[in-house]
Structure formats: structure tokens, C-alpha cells
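What follows is a single structure, written as C-alpha cells, with notes after it.
Any read-out appearing in this document is the output of simple, stated calculations on the displayed coordinates, not a laboratory observation. Note that the structure is predicted; figures quoted are calculated from it, not measured.
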Amino acid sequence: MSTTWDEASRCPRHELTGIEQSSKPMKGGVQGGQLITLTCPQEECEYYDVGWIVQIRPDGTIPDAATSHDKSFEAMPGWRAERGRDIVQNLQEELRLSQRPGGYRLGDGEKGRRHFT
Ligand SMILES: [Zn+2]
């Protein structure tokens, strides 16, 4: 799969054509490949500061990375939030469960203390 420069250069959020900020040779031994950094022209856009990177292969084609990047970009924070909520819920559940016997033991101890004094 490959995409066109026209597609890849658009802001993932606004579909506005991005502003080319810089281009640098691709690392990892891909001769002639380039990484172009683009930013969104919309100031309030999250991509205005951060931008996104378009990869251009030595033969001038653009891998479908933009789309898969979008997907992982969209999916990752959601996944983390989902996991985070789960973890918090689990912790709260654990806390509730651990407090129940703890409270029981505390009452028991008090009773014992009262008994001993
Ligand atoms: Zn944008």
C-alpha cells in the first residue's frame, strides 16, 4: 500500500494541506529516503506545534504509514485511557475488598483491647 503526497501532506485532523517544515534523510540505511515534517496551518490544531512526518521512499512513493500512523495515534490514547480506567477500577475494587476484612479485624482488635484494659 502507498499513498499520495497530496493525501500524506494533509493534517490528520483537518485534512488541510500541511506546511512543510523540514526534510531530512531517512535513517536506517534507506538511501535517498526522506522524512518530511509538516505542521497544520490551523493555530489551534494539535498538529500546529507538533506536526507529523511523511516518509518518502527513495523511489518517490509514500508508504501507507500516514494512515497506519493515524490509526495507532488515534487508538493508542484511547487504549491507554481504557486500560487506565480498568486499572483504577481494579485498584478501587481491591481497596474495597481489602478494607472490608481490615475493618473487621480493626473492630475485633478494639474489642480485644477493650477486653484487655
Ligand atoms: Zn490540523
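Here the gap between L16 and R96, fully extended at 0.36 nm per residue and compared with their Cα-Cα distance, gives a gain of 23.8 nm. In plain terms, the chain from L35 to R57 could stretch by 7.0 nm, reckoned as 0.36 nm per residue minus the Cα-Cα distance.
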